[in-house]
Amino acid sequence: MINRKNSRLSVTPRLFNTFLFALLAIGFSLSLQAQSPKEERQYRKEERQGMKTNDYRSQPWQNKLFFEGNGNFNIFNGGTFISFAPVIGYRLTGRSSVGVGPAFAFISQGGASSNAFGGRIFGRYQIIPQLFAHAEYERMSFGDSSNAPRLQTARFPVGGGYSQRIGPRSSFNVMALYDLLYNRNQNQLVIPVGYNDAYIYNGLLLRAGFNVGF
């Protein structure tokens, strides 16, 4: 574990790496699109109709499930931060959904390393087919290469996201979230190695991932 005073981040490299990752992922997702303009218009029409009706209530439960995975990769000040969080979600209606899943992270810097594992739950509301509001609660356990006890941490990120469709039941999502517990956590005397490395700036989280339904 490290003292809070030694956990300040270098913002510029983090912003560069995070936005580069997002741009590359967006470019990759767009390159996968093989839909004609006519197909795209049809998909958008079906999305709008589904959001205005209660069609989901009559569908089998397995058709309401979706899998999603998002991750983060940062290189900063000679260190490396890698995280991955797969989730399984359930569509309550054409607009709202909930989900749950594990979360993992690995951090290495200056000869020291840290790992974290835990889980998260989330709720999401689709404002329009491309934009959604998102809130989640995350609980993580951090440990490092020393024999110090593991530390428990929590995050409560809220914000929104953009969804780019890449197939009939798949999409690429980018989210910008702010952690409502960030200031409280920074006032702790000791925080885990790597806890701050998920943020791009003062409680701001940027996530990107893929969503696949059935």
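The values are calculated or read from the model by the stated rules, or taken from the named source; none is laboratory data. Only a predicted model underlies this, so the values are computations on that prediction, with no experimental measurement involved. Cβ coordinates were reconstructed from backbone atoms using ideal geometry, including for glycine residues, and neighbour counts include every protein chain displayed.
Looking at segment 78-85, is at least one residue closer than 20 Å to ASN185 by Cα, surrounded by 15 or more Cβ atoms within 10 Å (Cβ to Cβ) and modelled with pLDDT under 95? Checked against the condition, which is being closer than 20 Å to ASN185 by Cα, surrounded by 15 or more Cβ atoms within 10 Å (Cβ to Cβ) and modelled with pLDDT under 95, segment 78-85 yields at least one hit.
Hey, does segment 104-112 have a residue that's among the β-branched types (Val, Ile, Thr) and under 29 Å from TRP61 (Cβ atoms)? I'd like the intermediate steps shown before the answer.
Initially, segment 104-112 is screened for residues among the β-branched types (Val, Ile, Thr), giving 107.
Next cut, under 29 Å from TRP61 (Cβ atoms) only: none.
No, because not a single residue in segment 104-112 is among the β-branched types (Val, Ile, Thr) and under 29 Å from TRP61 (Cβ atoms).
Pairs meeting the criteria (first residue in segment 82-105 and farther than 20 Å from SER141 by Cβ, second residue basic (Lys, Arg) and not in a strand (DSSP E or B), beta carbons under 6 Å, at least 6 apart or on different chains) are TYR90/LYS64; ARG91/LYS64.
Which strands (runs of 3 or more DSSP E) sit wholly inside segment 89-197 and have at least 1 residues that are under 17 Å from PHE66 (Cβ atoms) and over 14 Å from the mean Cα position of the chain (by Cα)?
Working: elements: 96-109, 112-128, 131-144, 151-155, 157-167, 170-179.
Output list reads 96-109, 112-128, 157-167, 170-179.
Of all residue pairs spaced 6 or more apart or on separate chains, those with beta-carbon atoms under 7 Å, a first member in segment 61-75 that is within 24 Å of ALA198 (Cβ to Cβ) and a second member that is assigned to a helix (DSSP H, G or I) are ASN72/ALA198; PHE73/PHE21; ASN74/ARG14; ASN74/ASN17; ASN74/THR18; ASN74/ASP197; ILE75/ASN17.
Could you tell me whether ARG155 is farther than 25 Å from ILE200 by Cα and at pLDDT below 95? Criteria not met by ARG155. Taken over segment 112-127, the criterion of being over 16 Å from ASP197 (Cβ atoms) and free of Cβ contacts under 8 Å to residues at least 60 places away in the same chain is satisfied by GLY119, ARG120, ILE121, PHE122, GLY123, ARG124, TYR125, ILE127.
Which of the residues that make up segment 122-163 are of a type in the set (Val, Ile, Thr) and over 16 Å from PHE104 (Cβ atoms)?
First, the residues of segment 122-163 that are of a type in the set (Val, Ile, Thr): 127-128, 153, 158.
ILE127, ILE128, VAL158 - these are the residues of segment 122-163 that are of a type in the set (Val, Ile, Thr) and over 16 Å from PHE104 (Cβ atoms).
Quick check: is even one residue across segment 182-190 buried (at least 19 other Cβ atoms within 10 Å of the Cβ), out of contact with any Pro (no Cβ under 8 Å at 6 or more places or on another chain), over 15 Å from VAL87 (Cβ atoms) and touching a residue at least 12 places away in the same chain (Cβ under 8 Å)? No, segment 182-190 has no match at all.
Taking the criterion of being surrounded by 17 or more Cβ atoms within 10 Å (Cβ to Cβ) and small (Gly, Ala, Ser), the residues of segment 102-112 that qualify are ALA103, ALA105, SER108.
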